[in-house]
Amino acid sequence: MKIKAFKGSLALIVTLILIFTAVSCTPTAVDPDPTPTPAPAETPEPTDEPVEVLPDLPADRYDARVTPRTGNNATNPLVVSTGTLDGKFSPFFATSAYDTDVVGMTQIGLLHYNKDGEPEAGIDVPSFAYDYTMEVSADNTLSTYTFVLKNGITFSDGTPVTAKDVLFSMYVLSDPAYDGSSTFYTMKIQGINEYRLQTSADVLKTVDAILEAGITANEDGTFTINPADGVAMEVQEKFWSYLDEAGIKFAQEIIDYVNTNYASYIESYFAPYTPDQVAENSNMQAAFGMVLWGFGEVDEEGAFTDSMGKTYDLTTDTVDAKVYWENILDAYGYDLSDAGINYEKAGDLTIQDYVKEAYIAAEGQVEGGVPSISGITTGTVTSDDGVEREYVKVVIEGVDPTAIFKLGVSVTPFHYYTDGYTGTLNENGVDTGSKEFMDFLKTKNDRPVGAGPYVFQEYKDNVVTYTANDDFMLGSPKIQTFRYQEISLGAELDAVKTGTVHYSDPSASMTIINDITSGEGDYAKLAYTLVDNDGYGYIGIQGQAIPEFEVRKALAHSFNVQLSIDDYYGELASVNYRTMTKILWAYPDNPENLFPYDGTGETSKQLFLEAGYIYDEAKNIMMYPEGHEKEGQQVTFKFTLPSEAKDHPAGSIFIDSQQVLEKIGVKVELESDTNLLSKLSTAYESGIQVWAAAWGSGGVDPDMFQIWYSDPAVNQGTSAARSGLYYLFENGSEEEKAMLVELNELIMAGRSTLDQEERKAIYKRALELSTGLAVEIPTYQRKNMYVYNKDVINSASLFSGEDVTPFQSPLSYIWNVELN
């Protein structure tokens, strides 16, 4: 089993410091300019009077030092539940979502992301950016992002926030020695590879040639190096000699990722061990990572058996990244494709990236080092209002619509995080490539400092306490004291009922809704808010197993997707009609149902007949057509669920479809297979025809490449393989091939522009095609829940209804939240 989604934290995360005022940001085409320079600005007419530079603050900003808080807002804390904390309260090194929540209360970002996940900047927005622009060169070779910064903003200790703090934040995340979870360094910023690897463009050119040539996996478990143009074979051999060293790091990344994000799964999938035991035992951490990624299992006695059949006593035997790498090699050999070893990657780095890093670190670094990133620069510019402000400019190679979501870094105080360091810092505030410097930054993990709405005070007895930052740019928080209280998983609702906390996020259920609606007992003081989950359910129809387009459409018309709501989720879900989570900005408005349900079966019957199938009306049997390997036999399909039908959202859909298709002589066999999800990467080979599952979080960008790009020469991922798209691209009908070619073109077009309105139109059509192929029928979008004590919290100060999204919780304007 390979799990790809996990239960989130309170979902405040960084959105605790969000606000909602949009600023226009339209990308424009410009001539390529490899040297970043500030945009030309009009020079104001000379004047004898000095220009007063005012802080970029809202005119109606509340200041508690002028109008003091009163009542409960002044004397009582707001207490919010959180999960188990790791104590890594750093904007650089926080790994769990819960720790990130703790840090987020103290921080501001360079940008703000609104309720739809869209980037914003402006005076009324909790971003350090006053404005920003995105420009794409005419030939699409460069993208330039310019962030104009606010004047007069201070950190909570009164120190001004400047461009140097932005540069410091970016340089820490780009440093060769950085070992946190940020993927900032994966962007193709000009010069970032030379900086991170401390190497030259010539070395990178050689390495890229070696990687482009690649290796060929041999059946005996070895590999053959493919000759690279212009590169001596001895250089290639030296490069690939680092493959196993890199593989161990690759495996360790998976172990770290699983243990960071999926600790809540330990008791379900790694019993008899507990989260505390795993946290203290590196053998167990490695084994847990392997189990969750499908490379082993643990028996009732706690013995671990890896995918190679070797059994370990986790209290005495060594299980580590080396063992994991050996299991990966046993599974894939030296197949470095996206369908091979790289299918297992946990982060953004491929196995090739790890080999590249290992080789250059040992063989290709520049003497004297590379002091800076050429694509990150700063200066001053005069804005349209005549005020001079600092700016930070970032130049990225090519066009990357996801870059804007990585560029909104937390703006951290250089003075605080470097205070006390005895090494040598460069002009950007870091000691490049120094492990000692990174270790020093980690000494600040116990106390985050920033320019956010609250000031961290202490973490004691499972409680994090903050006081209001009256210098916060958007105004003094209305509540003087804020606290996070650690609550065990599953106890969130009881914690609100008993008054231990005032706000939490229990697993959504109709029982909770009905109890709160009843208004009886402890529930009388409670209220709830529902929010769409970032993910959606679907029914898969394997395109290679069921290659006839009309037959897949016939099955789709037999699915009453409304039943997943009526019979399972009730108020806790809504119907979805496109192959994308509804929470994304690219999801079209009110899309039509491409496959309306026909409970009579007549629509499906007609489609079977159009495909050449034969219907014996006297016997009520639909038969395979002439030339089919099952010619003359009754048409039969196997529908597979990962659990019993009564326990699955699609269960009643499948049962109803079985009855509908029976009316036209088509037989459906229902089965449950607890290993279904692990078989989907090889669905056709595993005999999976029709199944039900769900996609987890897809992030904030709507890119469809991984799942829907169907040319196997370009995309080697397994997501497109499991639906049969690669097969249909090469073997489908002319109609299907035309649809897939157009879809591929649209996917690449969506990756080639930063204009959001243009991308919306692209994805609207792309989603019509992806859904219309009838290999994935969307079913439902379920909801998550927030519960709070309405006697304590002023409900009117919270977000509610459509303003609550996965990107914006009821508490997102935390500085505006009030107590009764």
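The values are calculated or read from the model by the stated rules, or taken from the named source; none is laboratory data. Predicted model, so just to flag it, every value in this text is computed and none were measured. Cβ: placed from backbone, ideal geometry, glycine included. Neighbour counts: every protein chain shown. Side chains included, ligands, DNA and RNA excluded: accessible areas come from the protein's heavy atoms. Shrake-Rupley method; radii C 1.70, N 1.55, O 1.52, S 1.80 Å.
By a straight-distance test (C-alpha under 26 Å), which lysines pair with Lys790 as possible cross-link partners, with residues fewer than eight away in the same chain excluded?
The qualifying lysines are Lys7, Lys115, Lys478, Lys497, Lys525.
Apply the Karplus curve 6.51 cos²θ - 1.76 cosθ + 1.60, θ = phi - 60°, to the phi angles in the stretch 278-283 and return the couplings in whole Hz, x for Gly and Pro.
So the J values, rounded to whole Hz, are 5, 4, 9, 9, 5, 4.
Find the Cα radius of gyration of the stretch 656-813, compare it with 2.2 N^0.38 Å by division, and give the number to two decimals. Working shown, then result.
Numbers: Rg = 20.4 Å, N = 158, 2.2 N^0.38 = 15.1 Å.
Rounded to two decimals, the normalised Rg is 1.35.
Per the Debye formula with a single identical scatterer at each Cα and no solvent contribution, what log10 I(q)/I(0) holds for the stretch 44-174 at q = 0.10, 0.14, 0.23 Å⁻¹?
-0.51, -0.94, -1.46
Would you list which lysines come within 16 Å of Lys667, measuring only between C-alpha atoms, while excluding same-chain residues fewer than 8 positions from it?
Cα-Cα hits under 16 Å: Lys605, Lys619, Lys630, Lys638.
Between Lys435 and Ala362, what length comes free when the chain is fully extended (0.36 nm per residue of separation minus the Cα-Cα distance, one decimal in nm)?
24.7 nm
Taking all pairs of different Cα atoms in the chain, averaging 1/r and flipping that mean, what Kirkwood radius in angstroms comes out?
Every distinct Cα pair counted, the radius reaches 29.1 Å.
Pick out, from Gly296, Ala403, Pro275, the residue whose Cα sits farthest towards the positive end of the charge dipole of the stretch 269-415, with +1 on the Cβ of Lys and Arg and -1 on the Cβ of Asp and Glu.
Farthest towards the positive end: Ala403.
How high is the FRET efficiency between Lys737 and Asp313 when r is their beta carbon distance and R₀ equals 45 Å, given to the nearest 0.05? Don't skip to the end; give the middle numbers.
Working: r = 55 Å, r/R0 = 1.22.
The formula returns an efficiency of 0.25 here.
Please report the net charge: other residues with Cβ closer than 13 Å to the Cβ of Glu730, K and R +1, D and E -1. Mind dumping the intermediate values first?
Details: positive: Lys737; negative: Asp711, Glu734, Glu736.
That works out to -2.
Where does each of 752-759, 577-584 land if you order them by average Cβ count within 10 Å, highest first? List each step's numbers first, then the result.
Numbers: 752-759: 16.4, 577-584: 22.0.
Per-residue mean Cβ counts within 10 Å order the peptides as 577-584, 752-759.
So what are the three principal axis dimensions of the stretch 380-482 from its Cα atoms, in whole Å, longest to shortest?
49, 40, 28
Taking only Cα atoms of the stretch 584-629, what ratio of Rg to Rh do you get with Rh as the Kirkwood inverse-distance radius?
Working: Rg = 16.4 Å, Rh = 13.3 Å.
Using Cα coordinates only, the ratio equals 1.23.
Starting from the 7 Å offset along Cα-to-Cβ, what nm value, one decimal, do you get for the label separation of Ala303 and Phe405?
In this crude label model, Ala303 to Phe405 measures out at 4.5 nm.
If one computes P(r) from the Cα atoms of the stretch 547-659, what percent of pairs lie at distances over 18 Å? Walk me through the numbers on the way to the answer.
Working: 3754 of 6328 pairs.
In whole percent, the share of Cα-Cα pairs in the stretch 547-659 beyond 18 Å is 59.
So how much slack lies between Ser643 and Glu212, counting 0.36 nm per residue of separation and subtracting their Cα-Cα distance, in nm?
Taking Ser643 through Glu212 to full extension adds about 150.8 nm, to one decimal.
So if we plug the beta-carbon distance of Ser241 and Thr183 into 1/(1 + (r/R0)^6) with R0 = 22 Å, what FRET efficiency do we get, rounded to 0.05?
Working: r = 27 Å, r/R0 = 1.25.
Efficiency computed from Cβ-Cβ geometry: 0.20.
Using modelled backbone amide H atoms (1.01 Å from N, in-plane), which distant-in-sequence or interchain residues come within less than 5 Å of Thr432's amide H?
HN-HN under 5 Å from Thr432: Asn426.
In whole Hz, what ³J(HN,Hα) sequence does the stretch 85-91 give by Karplus (6.51, -1.76, 1.60; θ = phi - 60°), x for Gly and Pro?
After applying 6.51 cos²θ - 1.76 cosθ + 1.60, I find 8, 8, x, 9, 8, 10, x Hz.
Mind ordering 489-495, 716-722, 267-273 by average Cβ neighbours within 10 Å, highest first?
On the way: 489-495: 17.6, 716-722: 21.4, 267-273: 14.3.
So the peptides 489-495, 716-722, 267-273, ranked by packing, come out 716-722, 489-495, 267-273.
Helix-only estimate, please: 222 nm mean residue ellipticity of the chain, summing -39500 (n - 2.57) across DSSP H runs of length 4 or more and dividing by its residues, to the nearest 500. Walk me through the numbers on the way to the answer.
Numbers: 26 runs with 231 residues, N = 820.
Calculated at 222 nm, the ellipticity per residue is -8000 deg cm²/dmol.
For the stretch 417-563, what D do you get in µm² per second when you plug the Kirkwood radius from alpha-carbon pairs into Stokes-Einstein at 25 °C and 0.890 mPa s? Intermediate results must be reported in sequence, preceding the final value.
Numbers: Rh = 21.6 Å.
My calculation gives 114 µm²/s for D.
Measuring from the lowest to the highest alpha carbon on each principal axis, how far does the stretch 252-313 reach, largest first, in angstroms?
So the extents along the principal axes, rounded to whole Å, are 26, 22, 18.
Taking all protein chains as present, what is the carbon and sulfur share of the accessible area of the chain, in % to the nearest whole number, probe 1.4 Å?
Values: 16050 of 34610 Å².
In the chain, the share of accessible area belonging to carbon and sulfur is 46 percent.
Would you work out which of Gln365, Trp708, Gln689 lies farthest towards the positive end of the dipole of the chain, given +1 charges on the beta-carbon of Lys and Arg and -1 on that of Asp and Glu, about the Cα centre?
The residue sitting most towards the positive pole is Gln689.
Dividing the convex hull volume of the alpha carbon atoms of the stretch 773-820 by its residue count, what do you get in Å³ per residue? Walk me through the numbers before you get to the answer.
Values: hull volume 4.2 nm³, N = 48.
Roughly 87 Å³ of hull volume per residue.
How much FRET efficiency would the formula 1/(1 + (r/R0)^6) give for Arg65 and Thr443, where r is the Cβ-Cβ distance and R0 is 41 Å, rounded to 0.05?
Working from the Cβ atoms, E equals 0.80.
What translational diffusion coefficient, in µm²/s and rounded to a whole number, does the Stokes-Einstein relation yield for the stretch 486-598 at 25 °C and a viscosity of 0.890 mPa s, taking the hydrodynamic radius as the Kirkwood radius over Cα pairs?
The diffusion coefficient I find is 142 µm²/s.
Tell me the volume per residue, in Å³, of the convex hull enclosing the alpha carbons of the stretch 601-740.
147 Å³
Kirkwood Rh, the stretch 294-414, all Cα pairs: how many Å? Before the final figure, lay out the partial values.
Numbers: mean 1/r = 0.0505 Å⁻¹.
Value: 19.8 Å, from the Cα pair sum.
If we count every other residue with Cβ under 11 angstrom of Ile479's Cβ, Lys/Arg +1 and Asp/Glu -1, where does the sum land?
After counting each charged neighbour, the total is +2.
If you count, for each residue, the other Cβ atoms within 10 Å and average over each peptide, how do 738-747, 649-658 line up from highest to lowest? Kindly include the intermediate steps, with their values, before the conclusion.
Numbers: 738-747: 18.7, 649-658: 22.3.
The peptides rank, most packed first, as 649-658, 738-747.
Add +1 for every Lys or Arg and -1 for every Asp or Glu among the other residues with Cβ under 15 Å from the Cβ of Ser643, and state the total. Working shown, then result.
On the way: positive: Lys646, Lys679; negative: Asp567, Glu644, Asp647, Glu671, Asp673.
Taking every other residue near Ser643 into account, the sum is -3.
Enumerate the amide H contacts of Asn533 below 5 Å, restricted to partners 5 or more residues apart or on another chain; note that Pro and chain-start residues carry no placed amide H.
For Asn533, whose amide H was placed from the backbone, the distant partners under 5 Å are Arg782, Lys783, Asn784.
For the stretch 558-610, take the convex hull of the Cα atoms, compute a quarter of its surface area, and give me that in nm², please.
Values: hull surface 19.3 nm².
Its average projected convex-hull area is 4.8 nm².
What is the set of long-range amide H partners of Tyr615 at a cut-off below 5 Å, with H atoms built 1.01 Å from backbone N?
Here the answer is Met623, since their amide H atoms fall under 5 Å of that of Tyr615.
Relative contact order, percent, of the chain when contacts are C-alpha pairs under 8 Å separated by at least 6 residues? List each step's numbers first, then the result.
On the way: 1645 pairs, mean separation 155.8, N = 820.
Computed value for the chain: 19 percent relative contact order.
Using the Cα centre of the stretch 189-285 as the reference point, and only Cβ charges (+1 on K/R, -1 on D/E), how large is the resulting charge dipole? Debye, rounded to the nearest 20.
Working: 4 positive and 16 negative charges, 41 e Å.
I would put it at about 200 debye.
State in Å² the accessible area per residue of the chain; use a 1.4 Å probe, count heavy atoms of protein chains only, and round to the nearest integer. Working shown, then result.
Values: 34610 Å² over 820 residues.
Accessible area per residue, the chain: 42 Å².
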